[in-house]
Structures are given as structure tokens and as C-alpha cells.
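Report on the following structure.
The values are calculated or read from the model by the stated rules, or taken from the named source; none is laboratory data. What you see is a predicted model; the values in this text were computed from it and never measured. Using ideal geometry, Cβ is built from the backbone for each residue, glycine included, and neighbour counts are taken over all protein chains shown.
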Amino acid sequence: MNFRTEKSLVVSEQTNQNQDKKEQKIYQWDQEKYKLVKINIQIYFTQEQKIVYLKDNLILRIEQIYDTSKDIEILNNMEQIQFLYWSGQYGLKNKKQGKWMASWDGKVLINIGGYYRDGLKQGLWKELIKNYWSRATVFETGEYHNDLRIGKWNYGFQKNKIDGEFQNSDGGFYNRVGQKKGKWVELDEGFFILKKITHHGEYNKMGYKVGRWDIVFREKLIGGGQYDQEEYQKKIGKWIEIDEEFRDDKQITYIGEYNIKGMKIGRWEIIFKELQIGGGSYDQAGLKIGKWVELWEGFQYSAQVICNGEYNMNGLQIGRWDISYCDVDGDGKYQYLGGGSYDQKGLNKIGKWVELWGGFHNLAQVTYQGEYNIKGMKVGQWDIMYCEVRDGKYKKIGGGLYDQKEGQKKIGKWIELDEGFKDGRQITHNGEYNMIGKKVGAWIKMGTNYGKHIYEYLKYKK
């Protein structure tokens, strides 16, 4: 059956209490940051055998579960939750039967799907890859026998959504019990148009990776290493690995060594587009120790930011950590930007800090300046500072107070940045928080959006 999304519905408190709820991280495209980001949603399994996907207490999707004898497949990106539906027939005992087809945003995906018999996939199928979305329109084609993949499977790249034309690519073989075997060319788990990464290597008879595996980006070898021939997919020896968020504007690789236990040891280097920009050492247990230069979490071509400091013997950050930034329009050198200190146990940030705004990049050079208490909580005045492109000077554009006792709780008047703040789009939100950290009264959204003046009024309950 095809169950449509019920959008913008609010979940009642009674409904919340009668459902089994769990947190789930999913991928969503962030157009402002121009990358995939992980966000938190909630999933409910109801007593009526339904799955409910929610974000900020709003329903994204409701789906009925008919065949409770099979594992439930959870959708793992926002576009699938919004747009992907399957349609077909159910037979005896609510088992899927006959031909099933996929649709995306209300339109049938031509030639995608296959046949079920008594709830089991049989024969030739064309399936969506697990992380299918609008920037990764990739499919897998091959044969099923009693719900197990067998024989040769290929990847297919859809060239035309209207006529369903495919361009086939490499894949590999499955054995009779649905395990990969022999030589494979497989797509990276996060494959999409900005991350065209493939992995080339071999599976043994047990379905484990063994021997040499190569990492290829846009048909160029950029990394790889060895898996142990005997144990379960254990990396050994020298490896060149890619960053989890590797893509066109974040071509980060890591070079170092694994010991015979499959743990990172010794010196590892961090490389950005073939230039070393950081690194440090691991101990024999795979913990970071000593001095490190590592990437800021939002590192990319337009936000080349590194952090420099020390790890203790427990693999925790301690002491002074500095933040440095390399402007894409500058001289190619990293300049000091901010930072602060961790306590000697490596548990909390303490004292004065200059931190980067989460959306920091060359057109949005924004920092936050303030203080942490001994419990690692923000307290007192925190200022929002902004440096316009090619200006070189930071000016205060916002900020406000955190509670001195509890910490991390905003109180009083605040000027906050709009999520998409940057040069040409300098919009702020101006208003007040009450003593329990809730927005109250009038909040004003104001500023300029590429020459257009913005002034919007929003009222919160007191």
C-alpha cells in the first residue's frame, strides 16, 4: 500500500506517552553549508503497527507495517522520508505479493522494483541504493532467490528520470547464501555527485574483505591499504584513508599505520589536496596522545580551519588549544583566530574562549567570545563578532548573557544570527529570554538580504 506523508501535524502528549520512541540520526542536505549534515529526528513504533517519523514534534511521515515477521527498514535520509514510497499488493498473512514499484515525490521511478512471492524477493530486481536521494540517483540491479542476493549485481546510474535510461557500472558477485564473494568495485556508503568514491578489492568465501583494497576518487587512485587474510575485515599495516565527509571541496585523507590488532598506532598525517596540514600520534591502544594539529569539525575549502593542542594519556584534550584559519583569498598561511583551554582532566572547557560559529566560512567569518565556568558551561556575557571579507577586523554584531548559576541558559536581551548569515545576507534576530531560558515577548528579524531590507515581527508568549 502507498501511505502518503502527513506533514505539519503536531503529536499530542497522549500519543507521545503511548508509543515506543527512539532517537535517530539521519542525513539532510544543507544548502547554506553545501554539504550533507546529520540531524536528529524521533521515530515512534505505535501499538497499531505504524512507524511515525518526527522532527521537532511535527510528523514527517506515517507508515503502516503489515508484515511484522520481517525486520523493519528505517529510512536514513530526509528526502527518502519525504518522497520515497513503494506500492504493490499484499497476499495471505499480509505478505507482499507480485510486482512492487517505487515512486519519488509522487512520480513512478521507471523500471525500479521487482517481484515478491510470499513476502520474499524473487528474480530480477532494480533497487535504490541505501542512501538514494536527489544527488545520488544510483540503483543496484541483480537477482534474488528467497530474499537473498545471488550472482552478479551491477550499479546503475540513472541518466534520464523520464524514460528510465541507465548507465551500468561495476559491482560484483554474491554467493548462494547472499554473501559478497571475489572481486568487487563498490560505491562508498556516502556516494553522491560531490563524493564519487569507489572501493576496489576482494571478499573471501566468508564474505569478508581481505588483501589489498584501493580507494578511487573520480577514477584516480587516492588511497587504500591491506585487510588481514584471516580475521574479520581487520585493517593492518600502512593505510591512506579518506575523511568521512570527503567530497570535492573537502579532499581530506589520513596516512598512517594499523597494528596487528587493527588499531591505529604511531604517527598519522592529515592531508588536504596533497598538502600536509596536520597530524599527531596514537598510542598502542589507539588513543590520541601528545601534541596534535587536527581539523575543525566544519573544515572545507571555504573554511580551512585547524585546531592545535595536546591530548593526555587517556586520549582527552587538555590545556591550551588554538584555532587557526587559512583564507582562500589569502597567502595560503594559517593565521591565529582564537581558542581557549581545557581542564587538566580533559573533561571541560574552562575560562575565556574564542570559538567559531557553526556556519563559519570565508563569507561568514563569525566568532563567539565568552567564558566557561569550571563545570564547562557558558556563563556571563558572550559576544558575537563578525569580520567582513577583506576587512581583517572583527566587530561586535550581537550576543547576550548566559545565567551565572546554572550556565548554558540564555537570559535577558539577545541579538542572534540568522541561520544563513553571511556577506550580503546580514540578518539578525533581536529579542529577550526569560529566566528559564525561553524566548518571550517581541522578537524582530531584521537586516539586509542582498540589498533588500528585512523587518519581520514575531510574538512569543510570556
Q) Of the residues that make up region 77-93, is at least one in contact with a helix residue (DSSP H, G or I) (Cβ under 9 Å, 6 or more places away or on another chain) and at pLDDT 95 or above? A) no
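In region 111-130, what residues are in a strand (DSSP E or B), aliphatic (A, V, I, L, M) and under 22 Å from Leu187 (Cα atoms)?
Listed by number, the residues that qualify are Ile112, Leu124, Leu128.
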Q) Taking the condition surrounded by fewer than 16 Cβ atoms within 10 Å (Cβ to Cβ), hydrophobic (A, V, I, L, M, F, W, C) and modelled with pLDDT under 90, does Ile65 pass? A) no
Q: Scan region 176-211 for residues that are charged (D, E, K, R) and more than 26 Å from the chain's Cα centre (by Cα) and jot them down.
A: Arg176, Lys180, Lys181, Lys183, Glu202, Lys205
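If you check Ser69, Ser103, which single one turns out to be in contact (Cβ under 8 Å) with a residue 24 or more places away in the chain, more than 27 Å from Glu189 (Cβ to Cβ) and among the polar types (S, T, N, Q)?
None of the others qualify; the one that does is Ser69.
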Q.
If I ask for residues that are in a loop (DSSP other than H, G, I, E, B) and either under 18 Å from Trp353 (Cβ atoms) or without any contact (Cβ under 8 Å) to a residue 40 or more places away in the chain (or both), which ones from region 285-325 would you list?
A. Ala285, Gly286, Leu287, Trp296, Glu297, Gly298, Asn312, Met313, Asn314, Gly315, Leu316
Q. When you go through Glu244, Glu257, Glu269 one by one, which is the residue that is surrounded by fewer than 20 Cβ atoms within 10 Å (Cβ to Cβ), at negative phi and assigned to a loop (DSSP other than H, G, I, E, B)?
A. Glu244
Q) In region 213-272, which residues are within 23 Å of Gln284 (Cα to Cα) and aliphatic (A, V, I, L, M)? A) Ile236, Ile240, Ile242, Ile255, Ile260, Met263, Ile265, Ile270, Ile271
Q.
Of the conditions (1) under 21 Å from the mean Cα position of the chain (by Cα); (2) closer than 16 Å to Glu269 by Cα; (3) in a strand (DSSP E or B), Trp239 satisfies every one except a single condition; which number is it?
A. (1)
Q) Does Asp322 count as within 26 Å of the chain's Cα centre (by Cα), surrounded by fewer than 18 Cβ atoms within 10 Å (Cβ to Cβ) and acidic (Asp, Glu)? A) yes
Q: Please give the number of the condition Ile39 fails out of (1) buried (at least 17 other Cβ atoms within 10 Å of the Cβ); (2) hydrophobic (A, V, I, L, M, F, W, C); (3) in contact (Cβ under 8 Å) with a residue 24 or more places away in the chain; (4) not in a loop (DSSP other than H, G, I, E, B).
A: (1)
Q.
Checking the conditions here, which among Ile415, Ile436, Ile411 is exposed (fewer than 13 other Cβ atoms within 10 Å of the Cβ), among the hydrophobic types (A, V, I, L, M, F, W, C) and closer than 30 Å to Lys375 by Cβ?
A. Ile436
